[in-house]
Each structure stands twice: as structure tokens, then as C-alpha cells.
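Everything below concerns the one structure shown next.
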Amino acid sequence: MERALVVVEPTAEAKELVREAGSLANGVNASVVLIHATTDEEYAARRQAMSSIASSGGEYTADDAHEGAEQFARDVAADVLSDLEIQYETVGDVGKKGDIILQAAEEHECDHIFLPGRNRSPTGKALFGDATQKVVLDFDGPVTVVTN
């Protein structure tokens, strides 16, 4: 492993995954790219909530969502990886999580992906899609998935 992509989510389990991936990367002198993906649905809901607040004075844009996602990844990195001597960078994006993860892995030349998974029934995967399944099937390298 030379460069790992670690998916950051707002759960304790996901933060623990960041910590473990960082420790592993540190042990093999690899770098890490932390990414937080905001779905289109999450962006739309936040945009609508912001527009309904009359005193907000502005609109919640796609650029705001990108920056917010990247800031979240930076905050988790600072919190979780601060005591490791590891090189990392952070990325934030908006869209379909599976596509974003795969695109970021390719752009940053990552050779391993770490991501938190969810326990979802096969029917749920078929109806709603599953980013984890997409990444596992489409990434040409090792994928570590931790479910809660």
C-alpha cells in the first residue's frame, strides 16, 4: 500500500476506521487521502433548509457543499490523525457516493480503499443502490469494509 483512500462519515465507527487506516498507513510509510461525500439528496435538503431561513442572507450553493464536505474531512483528520506522523490530504465532493469514491481513488492514485459499510438487506441494496457494493465490485485493488 502506497496511498489509501479513507471514506469519512459522521459516526464513531467511521472515525475508528480512519484511525486504524491511518495507523496501518503509518506502519508501511503510506499516505492517506480522506474523503467525505455529500449525496445530492443531502445537499438538496440542506439547500432547502437554508433557503427557508429568511435571515440567512444567502443561498447554499454546490461550492458551499463541496467546501463543507472537505472541511468535515479536515476536521476528522485533525482530530483522529493528529498523533500519527502521516502525510494526508482531504477531499470533499457532492454526488453519488460510489462514483465519488471511485473517481477520487483514481484521481489520487490510491491503491487501497477503506470505507464504512452499512448492514443493508439485499432488497435494500437493489432498491436504493449501495455505494459500498459499487466500490467493492468496481475498484481494481483491495477494499476494506467495516460494518457496525
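If you check VAL76, VAL135, which single one turns out to be in contact with a helix residue (DSSP H, G or I) (Cβ under 7 Å, 6 or more places away or on another chain) and modelled with pLDDT under 95? Spell out the reasoning first.
Values: VAL76 fails: modelled with pLDDT under 95.
The match here is VAL135.
I need every pair where a residue in region 133-148 that is over 12 Å from LEU102 (Cα atoms) has its Cβ under 6 Å from the Cβ of a residue that is open to solvent by 50 Å² or more (accessible area, probe 1.4 Å), sequence separation at least 6 or different chains.
Partner pairs satisfying both residue conditions: THR147/ASN119; ASN148/GLU13.
Six or more apart or on different chains, Cβ under 7 Å: which pairs go from a residue in region 101-115 that's closer than 19 Å to THR38 by Cα to one that's of a type in the set (Ser, Thr, Tyr)? Could you list them?
PHE114/THR144; LEU115/THR132
Just one of TYR60, TYR43 is among the aromatic types (Phe, Trp, Tyr) and either outside any helix (DSSP H, G or I) or exposed (fewer than 15 other Cβ atoms within 10 Å of the Cβ) (or both); which is it?
Working: TYR43 fails: either outside any helix (DSSP H, G or I) or exposed (fewer than 15 other Cβ atoms within 10 Å of the Cβ) (or both).
Of TYR60, TYR43, the one residue that is among the aromatic types (Phe, Trp, Tyr) and either outside any helix (DSSP H, G or I) or exposed (fewer than 15 other Cβ atoms within 10 Å of the Cβ) (or both) is TYR60.
Which count do you get for residues in region 94-120 that are surrounded by fewer than 19 Cβ atoms within 10 Å (Cβ to Cβ) and either part of a loop (DSSP other than H, G, I, E, B) or charged (D, E, K, R) (or both)?
Total meeting the criteria: 11.
Can you tell me which residue among ALA25, ALA65, ALA21, ALA37 is at pLDDT 90 or above, small (Gly, Ala, Ser), assigned to a strand (DSSP E or B) and on the phi < 0 side of the Ramachandran plot? Lay out the reasoning, then the answer.
Numbers: ALA25 fails: assigned to a strand (DSSP E or B); ALA65 fails: assigned to a strand (DSSP E or B); ALA21 fails: assigned to a strand (DSSP E or B).
ALA37 is the lone residue from the list that is at pLDDT 90 or above, small (Gly, Ala, Ser), assigned to a strand (DSSP E or B) and on the phi < 0 side of the Ramachandran plot.
May I ask you to list pairs of residues, at least six apart or on different chains, whose Cβ atoms are under 9 Å apart, with the first in region 31-53 being closer than 25 Å to LEU17 by Cα and the second being of a type in the set (Phe, Trp, Tyr) and surrounded by 15 or more Cβ atoms within 10 Å (Cβ to Cβ)?
Short answer, once both residue conditions are applied: SER31/TYR88; VAL32/TYR88; VAL32/PHE114; VAL33/TYR88; LEU34/TYR88; HIS36/PHE72; THR38/PHE72; TYR43/TYR60.
For GLU85, only one of the following conditions fails: (1) surrounded by 12 or more Cβ atoms within 10 Å (Cβ to Cβ); (2) outside any helix (DSSP H, G or I); (3) in contact (Cβ under 8 Å) with a residue 40 or more places away in the chain. What is its number?
Condition not satisfied by GLU85: (1).
Does region 1-18 hold any residues that are open to solvent by less than 70 Å² (accessible area, probe 1.4 Å) and in a helix (DSSP H, G or I), and which are they?
ALA14, LEU17, VAL18, listed by residue number.
The values are calculated or read from the model by the stated rules, or taken from the named source; none is laboratory data. The structure displayed is predicted, hence computed values, not measured ones. Virtual Cβ from ideal backbone geometry, glycine too; neighbours counted across all protein chains shown. Ligands, DNA and RNA are stripped out before the accessible areas are found, and what is left, the full protein with its side chains, is counted by its heavy atoms. Shrake-Rupley method; radii C 1.70, N 1.55, O 1.52, S 1.80 Å.
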